[in-house]
Each structure stands twice: as C-alpha cells, then as structure tokens.
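The structure that follows is given in the form of structure tokens.
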Amino acid sequence: KKIKSRGIIRDGNPGEEIVGMEKDEKIDLIIIGTHGKGAINKFFFGSVAQKVVRDATVPVLTVKPN
C-alpha cells in the first residue's frame with residue numbers, strides 16, 4: 001500500500017484541529033512530535049500531543065526528540 005502525506009494549515013486550537021482532521025480527511029494514523037516537557041508544565045499548560053492521544057479515534061504515534 002502506498003503511503004500518502006501532505007501538509008495542511010488550519011486555524012484554531014491545535015489539539016482540536018488535529019483530532020477534527022482525522023474525520024475530515026479520512027486519516028488512518030496521526031504522527032505527532034512531543035517536546036518532552038515535565039509534568040508540572042503539562043499540568044498547567046496542557047499538551048497538544050496529550051490531547052490528541054486522548055481524543056483521537058485512530059492510532060497516534062508520538063515521537064520524542066533525541
């Protein structure tokens with residue numbers, strides 16, 4: 001099976017837009033990078049990757065930088 005990818009720019013809350021796109025664009029897999037921030041920052045500011053993992057209905061692959 002051939003893998004297709006393309007860039008899309010949308011305006012709004014990043015987590016909500018990414019999760020919303022899975023239905024609009026018939027996405028099979030979401031790949032998202034993480035910053036690896038500490039637990040305190042996540043608690044106060046949230047995390048786009050965390051929201052996507054929690055709310056997506058398709059598999060999500062998170063990638064942490066080296």
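The numbers here are math on the coordinates, done by the rules we state, and not lab data. Keep in mind the model is a prediction, meaning the values are calculated, not measured.
Could you give each residue of the stretch 9-18 its phi-based ³J(HN,Hα) in whole Hz, using Karplus coefficients 6.51, -1.76, 1.60 with θ = phi - 60°, and x for Gly or Pro?
Result, ordered by residue: 10, 10, 10, x, 5, x, x, 5, 5, 5 Hz.
Here is the link list: Lys26/Lys64; Lys23/Lys51; Lys4/Lys26; Lys1/Lys26. Which ones come out longer than 18 Å on Cα distance?
Details: Lys26/Lys64 25 Å; Lys23/Lys51 16 Å; Lys4/Lys26 12 Å; Lys1/Lys26 16 Å.
As for pairs spanning more than 18 Å Cα to Cα, those are Lys26/Lys64.
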